[in-house]
1. To two decimal places, what compactness ratio does chain A give when its Cα radius of gyration is scaled by 2.2 N^0.38 Å?
2. How high is the FRET efficiency from A:D355 to A:D389, r the C-beta distance, R0 35 Å, rounded to 0.05?
3. Go ahead and run the numbers for FRET between A:M429 and A:N258, Cβ-Cβ distance against an R0 of 45 Å, rounding to 0.05.
4. Over the C-alpha atoms of the range B:28-90, what are the Rg and the largest Cα-to-Cα span, Dmax, in Å?
5. Give the angle, between 0 and 90 degrees and rounded to the nearest 10, that separates the Cα long axis of helix A:439-452 from the longest principal axis of the Cα atoms of chain A.
6. Could you check what % of the DSSP bridge pairs in the range A:340-449 are antiparallel, to the nearest 5?
7. At 7 Å along Cα-to-Cβ for each site, give me the label-to-label distance between A:Q139 and B:K89 in nm.
8. Kindly list the residues of the range A:346-360 that lie in the label zone of A:E316, defined by a backbone N under 15 Å from the point 7 Å along the Cα-to-C-beta vector.
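Bear in mind these aren't lab numbers, they're just calculated from the coordinates by the rules spelled out. Just so it is clear, the model here is predicted, and its values are computed rather than measured. Positions of Cβ are generated from backbone atoms using ideal geometry, with glycine treated the same way; all protein chains shown enter the neighbour counts.
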Amino acid sequence: MSGLANYVYILAGALFILSLKWMNSPVLARRGVLAGELGMLLAIGGTLINHHHNWEWMLAAFLIGLAVGVPIAYLMPMTAVPQRTAMSHACGALAAALVGTAEIYQSQPGGFVMVALIVETLLGFLTFTGSLMAMGKLQEILPSRPITYRNQNLINGALFALAVAIGVRLIFVPANTFLFPFFAALALIFGVLLILPIGGADMPTVIALLNSYAGLSACAMGFALDNHLLIIAGALDGSSGLILSIIMCKAMNRSFANVLFGAFGQIQPSAAAREQRNYRSASAEEAASILESATSAIIVPGYGLAVAQAQHKIRELFDSLSRRGVDVKFAIHPVAGRMPGHMNVLLAEADIPYDRLVEMDEINGEFPQCDVALVIGANDVTNPAARNDKSSPIFGMPILDVDRARTVMVIKRSMSPGFAGIDNELYYMDRTLMLFGDAKAFVTEIVKELPAKA
Amino acid sequence: MPSNLEVGLYVFMLATFVGLEVIRKVSPLLHTPLMSLTNAISAISVVGAIMIISREDATELSKWLGFIAIAAASTNIISGFLITDRMLKMFKRRGKE
């Protein structure tokens, strides 16, 4: 390997680190993207210095990537970003797995290179099918409820152990390439089985975890090809996925093991026999007058808001109230939306200024002083049972302290329980008004009521 | 002299710590763009694919696997960077009113 390429790689590695560093502020973030692009350009250019044989193949493949990638980037609606992310985890993992496969067949190396290749292909193949499954669940092609069967963890564990056993055999006898298809097939099947029992509500964690796997797979490729740039980029991606999945787990008060093997949302709590309880409801007109006379309001958006495509109506409400001097903020729970940070993107798309989007830890102290909390399409993340009721399945989960606001209003279709199938105490409080209806339609009505009273 | 494996492990360890420190500071506001950015960066596996496909003695199998790998990775590079930028463009501060 000639020297120049290595120096170019060092520069590319530095740019990747800067790229992620600049993501810490919305002001510098676009510069971060630029740094990342430059880093990638250098990485590819540096590689081509010494490796340009068969360039026609590369060009053709690149053009395919271009033809697929550009429409995805510009046409994908923001609500579908989680699916796109899952899909690109699948693509990244597939690329890593196939490079590993080619290397195993072509070189049949021994020693630690083979260990790295086996790790690379194992992670690559299982992340490939796992991510496709996650994508299917997010796109709702596949049922988002957990799918379980008897001895699930045992069967999955046995399959994984078998894959590892074949992998170890290949490490010791690399020439036994006839074993490799079995190894690859087991890894692919395991990826599917791994995601089957995971419910839609846990997808944010799973996506982050798959992100981490895809990174580690690229990292293993770096070990196999003795390329430090691959190790650096893979490790950055791996640690990013790891941190995000830890944040998601904490936000739901779950452990990794529980997310992966717990099949949450499957066992429906019997909902305490659903006794009839009293609640108060209100009309759009009443809601408008309460909001108008408030000094401060906190809007709590959940994924239901995005499903109803109500973001832009919320913006109108936000504008209208702001003009009347109401201080409006948005309380963002870490798991609001279908992937880490998703709700922020959805609201930013509707032109809501990002300094109005406040994370959970910061905003929770503000609820007691807030006149109105308006919950739209969020449920479990506002359930006080997570704080008070030790028997609740979500006990211990950090929540938005909506119940501490002076008045609480909840836009909801009906009194039916949410994703986790748990009844919400919030709805039965004296200070709570239920606003029944479709999120978008109801917000539209509130906005209509507002100017009439100006 | 340390072996390739040892040097590789050093690089891995240091890059992981740098990654953890840098990512920890990213505001939750930007976690979605962050993930699509790291996604694009992890398509660095395109480098491996180029190495595989460009060998003088590359077998047909290597060429085809490398071909698919480059197509998949470059899809990620292109859509990843572009969509990240598209998202970031939407994040605006409150204008001077």
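1. Values: Rg = 25.1 Å, N = 454, 2.2 N^0.38 = 22.5 Å.
So the Cα radius of gyration is 1.12 times the expected 2.2 N^0.38 Å.
2. Details: r = 35 Å, r/R0 = 1.00.
My answer for the efficiency is 0.50.
3. Details: r = 30 Å, r/R0 = 0.66.
That pair, A:M429 with A:N258, gives E of 0.90.
4. Over the range B:28-90's Cα set, Rg and Dmax evaluate to 14.7, 49 Å.
5. Result, in degrees: 40.
6. Numbers: 0 of 10 bridges.
Beta bridges within the range A:340-449, antiparallel portion: roughly 0 percent.
7. Going from the A:Q139 label point to the B:K89 one covers 2.5 nm.
8. Of the residues in the range A:346-360, A:350-351 have backbone N under 15 Å from the label point off A:E316.
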